[in-house]
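Visitor: This is the structure, below, for whatever I ask next.
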Amino acid sequence: MSSSVFTPVTLPCGVVLKNRLVKAAMEENMARQGQLPGSELFRLYRAWAEGGVGLIITGNVMVDHLAMTGPGGLALETPEHLPAFSEMAQNAKLNNTIAIMQINHPGRQVFARMGGKVLSPSNVPLNMGKHSKLFGQPRAMTLAEIEDLAMRFDTTAKLAKRAGFDGVEVHAAHGYLLAQFLSPLTNKRKDEYGGSIENRARLLLDIVKRIRQSCGNEFIVSVKLNSADFQRGGFDVDEAANVVKMLEPLNVDFVELSGGSYEAPAMQGRTADQRTLAREAYFLEFAQRIAKDTSIAIMTTGGISRLETAHTVVESGVSLVGMASALAFTPDLPNHWQHDPDKNGMIPKVNWKDKTLAGLATMAIIKRQLRRVGDGKRAKPDSSPLWSLITDQVRTSRLTKRYRQSFAAEVDRFQ
Ligand SMILES: Cc1cc2nc3c(=O)[nH]c(=O)nc-3n(C[C@H](O)[C@H](O)[C@H](O)COP(=O)(O)O)c2cc1C
């Protein structure tokens with residue numbers, strides 16, 4: 001099938017993507033000691049590069065090793081980390097693939113047992129029902145901490161460039177720190193960072209400006225944004241469109257639209273405000289609406305596993321097609337689509353009553369595939385949700401212990 005999905009696109013910074021298919025960010029939870037990538041991750045990124053996507057976005061890399069989304073996550077803060085990240089970039093860039101690093105700070109979405117910093121614009125804790133205690137109590141950030149954060153994003157972006165990545169994606173979606181600033185549910189500040197959407201977006205815009213300035217005009221600078229929080233009273237699609245407009249003068253190369261947070265995991269196709277999402281390409285309607293009104297290229301991610309759906313996305317004026325789950329099961333899905341357009345990718349669904357556990361089990365199944373590919377094995381589409389969840393929990397406990405031992409003196413300062 002000759003599909004517009006396989007047409008190249010030139011980003012404003014001049015970088016050419018060979019096609020419109022993007023490996024969306026997936027935190028692999030496979031870091032070596034010191035939160036650095038090692039041979040398993042190199043093999044995984046090589047599989048994606050050889051598998052035919054035009055662009056690879058890494059799993060989120062933290063800008064502060066004392067504020068981690070998980071114990072096996074990556075952090076990039078100093079030049080000593082560069083050799084490991086350079087090898088990761090080299091593997092991700094094989095086969096004429098463009099590779100960018102997603103950079104992130106979790107804010108309040110930090111597991112209590114990890115310890116470290118639990119910062120947020122305001123002191124609003126996560127509400128996960130009976131699972132709320134799993135997360136730390138956030139503290140409202142001071143102005144000095146906000147400045148420190150902007151510097152950290154800039155530092156990690158500069159190091160990503162030195163490591164050989166073609167750009168960065170600033171993570172401002174899924175309820176992490178920058179999304180917490182954007183959302184009126186978590187940002188109750190009375191200063192210049194709270195209130196109007198201009199104020200709530202100030203930190204994100206400042207970070208994007210700094211990175212563009214320090215990394216130059218030929219570096220990809222992109223942003224992952226929620227099309228909405230999918231919670232009553234949350235950040236909504238009009239505000240998302242407004243933030244995209246504010247990003248226009250900053251030479252952003254593309255904006256990836258997703259949705260939701262830990263409280264309302266719309267990125268897994270589930271909302272908390274009774275709104276129903278499309279069965280496939282969950283955020284396409286929002287992405288189309290925003291794409292119509294902006295000169296910035298738009299990417300949408302969530303619920304895409306068939307070439308026909310990817311084709312519909314591009315034909316509807318959305319430039320880039322993000323896929324996560326499907327590329328965990330079939331890293332070379334784009335290559336397959338070149339000669340077998342009917343091959344379907346897989347997105348697992350776990351239908352347990354406890355929606356939090358179902359979400360964790362879904363993530364566990366997908367992470368298991370990442371480890372298998374990293375070990376040089378094939379993915380296992382029939383992985384049991386319960387077994388995947390149990391092994392993931394055991395593994396996470398072991399990695400949490402390792403993390404706390406590695407950084408004991410620093411982590412304990414924040415208890
Ligand atoms: C195991 C796993 C880890 C993820 N980690 C990240 C991440 O680090 N950063 C991010 O922006 N999204 C992350 N996501 C969300 C995906 O990028 C994507 O938005 C979501 O899975 C929906 O796309 P899909 O239906 O193609 O899987 C993750 C998803 C999975 C399944």
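FYI, it's all coordinate maths here, none of it is from the lab. What you see is a predicted model, and the numbers here were worked out from it, not measured in a lab. Note: ideal-geometry Cβ built from the backbone for every residue, glycine included; neighbour counts use all protein chains shown.
Visitor: Quick test of your reading of the structure: M88 fulfils all but one of (1) in a helix (DSSP H, G or I); (2) surrounded by fewer than 23 Cβ atoms within 10 Å (Cβ to Cβ). Name the failing condition by number.
Guide: (2)
Visitor: Also, I was wondering about something else. In this structure, does T271 turn out to be free of Cβ contacts under 8 Å to residues at least 12 places away in the same chain, part of a loop (DSSP other than H, G, I, E, B), more than 27 Å from V16 (Cα to Cα) and β-branched (V, I, T)?
Guide: Criteria not met by T271.
Visitor: Give the residues of segment 310-324 that are surrounded by 24 or more Cβ atoms within 10 Å (Cβ to Cβ) and part of a helix (DSSP H, G or I), sorted by residue number.
Guide: A310, V313
Visitor: Residues of segment 350-365 being in contact (Cβ under 8 Å) with a residue 40 or more places away in the chain and surrounded by fewer than 19 Cβ atoms within 10 Å (Cβ to Cβ), which ones?
Guide: Correct list: K355, T356, G359.
Visitor: Then there's this: Can you name the number of the only condition in (1) without any contact (Cβ under 8 Å) to a residue 24 or more places away in the chain; (2) near the ligand (Cβ under 10 Å from one of its atoms); (3) surrounded by fewer than 23 Cβ atoms within 10 Å (Cβ to Cβ) that E285 fails?
Guide: Here E285 clears every test but (2).
Visitor: Also: What do you reckon, is S132 more than 16 Å from the ligand (Cβ to nearest atom) and free of Cβ contacts under 8 Å to residues at least 12 places away in the same chain?
Guide: When the stated conditions are applied, S132 passes them.
Visitor: Read through the list (1) within 11 Å of the ligand (Cβ to nearest atom); (2) of a type outside the set (K, R); (3) not in a loop (DSSP other than H, G, I, E, B), then give the number of the only condition that A47 fails.
Guide: (1)
Visitor: Collect the residues in segment 125-178 that are assigned to a helix (DSSP H, G or I) and of a type in the set (S, T, N, Q), keeping them in residue-number order.
Guide: S132, T155, T156
Visitor: Is it the case that some residue within segment 221-230 is touching a Cys at 6+ places or on another chain (Cβ under 9 Å) and crowded, with 22+ Cβ neighbours inside 10 Å?
Guide: yes
Visitor: Can I ask one more? For W337, only one of the following conditions fails: (1) over 22 Å from G52 (Cα atoms); (2) away from the ligand (no atom under 13 Å from the Cβ); (3) of a type in the set (A, V, I, L, M, F, W, C). What is its number?
Guide: Every condition holds for W337 apart from (1).
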